[in-house]
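The values are calculated or read from the model by the stated rules, or taken from the named source; none is laboratory data. This structure is a prediction, so every number in the text was calculated from the model and none was measured. Cβ placement follows ideal geometry from the backbone for every residue including glycine, while neighbour counts extend to all protein chains displayed.
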Amino acid sequence: MSLVKSTIKNISYWKERVDLAAAFRWAARFDLHEGVANHFSFSINDDGTKFLMNPNQVHFSRVKASELIIVDANDPDTLNLPGAPDPTAWGLHGAIHRNCLHARCAMHVHSIYATVIASLKDSSLPPIDQNCAIFYNRYVIDENYGGLAFEEEGERCSKLLKDPQKKVLIMGNHGVMVTGNSVADTFNRLYYFERAAKTYIKALQTGQPLRIIPDDVAEKTASEIENYANQDDQHLEELKKILDYEGSDYAS
């Protein structure tokens, strides 16, 4: 191993950085991103208030593990420091990591199909297929969009994620926030939420009646998938292997 690579891998929280960088790269490839907006974070201390985050205004397709910044949700001077995060990222993710210890990882995007759902008067996601059933009783809808997610708006949104079972916030008129206990867990949930949202919107477009899964079966399916061992970890590992095979610099 070269001295440069060895030095890079000695950066704190290297595995978490690599996982997060891979998630950014694939979010771009899956078209979940939007310009140089949107943000992912992962908490690195016991109370969750210090977290890794993407640098301000860097495209998801260029994020590198070594360039992720560390943000302190309890530092009021954060936005005045060199390398400060995007103010809306600070407002939204800072509030979530201060107020929701169970949300170790948080991923916010304006992905197309999730945002379409967030733009409907009824932003619920009915269990019409197995992917939709994953989220049965496991999301909350924000009905009170208040503009860009600066500190006050971020605090308001974070209060909607207090229930550890509700790991998806459908942000009315805005997008989606997905949380989890690891990068792999959260990215897997984000991926499947967008897939589920796409299926639902496509089904609505047919104009045909929806085939709704019964409540008991939907809950059973959601529980079974939650307990499906290592599927989320393996998903991210396979995505990292693809990046490695292609010679990507995400893990640098």
Identify the single condition in (1) crowded, with 17+ Cβ neighbours inside 10 Å; (2) in a loop (DSSP other than H, G, I, E, B); (3) at pLDDT 95 or above that G48 does not satisfy, given that it satisfies every other one. (3)
Entirely in segment 68-145, the strands (runs of 3 or more DSSP E) that have 2 or more residues that are under 15 Å from the mean Cα position of the chain (by Cα): 105-109, 139-142
Could you give me the residue pairs with C-beta distances under 9 Å whose first residue belongs to segment 220-243 and is more than 17 Å from R25 (Cα to Cα) and modelled with pLDDT under 95, whose second residue is of a type outside the set (D, E) and outside any helix (DSSP H, G or I) wherever it lies, and which are 6+ apart or on separate chains? I225/I134; E226/I134; E226/R138
Considering only segment 206-230, state which residues are within 23 Å of C105 (Cβ to Cβ) and not in a helix (DSSP H, G or I). N227, Y228, A229, N230
Only one residue in P85, P76 is at pLDDT below 85, of a type outside the set (F, W, Y) and within 26 Å of E153 (Cα to Cα), so which one is that? P76
L190 passes all but one of the listed conditions (1) within 22 Å of L52 (Cβ to Cβ); (2) touching an Asp or Glu at 6+ places or on another chain (Cβ under 9 Å); the exception is number (2)
For T179, which of the numbered conditions (1) modelled with pLDDT under 95; (2) outside any helix (DSSP H, G or I) fails to hold? (1)
Report whether or not I170 is under 26 Å from H33 (Cβ atoms), at pLDDT 95 or above and of a type in the set (A, V, I, L, M, F, W, C). yes
For the condition assigned to a helix (DSSP H, G or I) and either over 19 Å from W26 (Cα atoms) or without any contact (Cβ under 8 Å) to a residue 60 or more places away in the chain (or both), what is the one hit in A203, A197? A203
Listed residues V116, V168; which is of a type in the set (V, I, T), under 14 Å from I201 (Cβ atoms) and in contact (Cβ under 8 Å) with a residue 12 or more places away in the chain? V116
Filter segment 71-91 down to residues that are within 21 Å of A184 (Cα to Cα) and exposed (fewer than 15 other Cβ atoms within 10 Å of the Cβ), then give me how many there are. 0
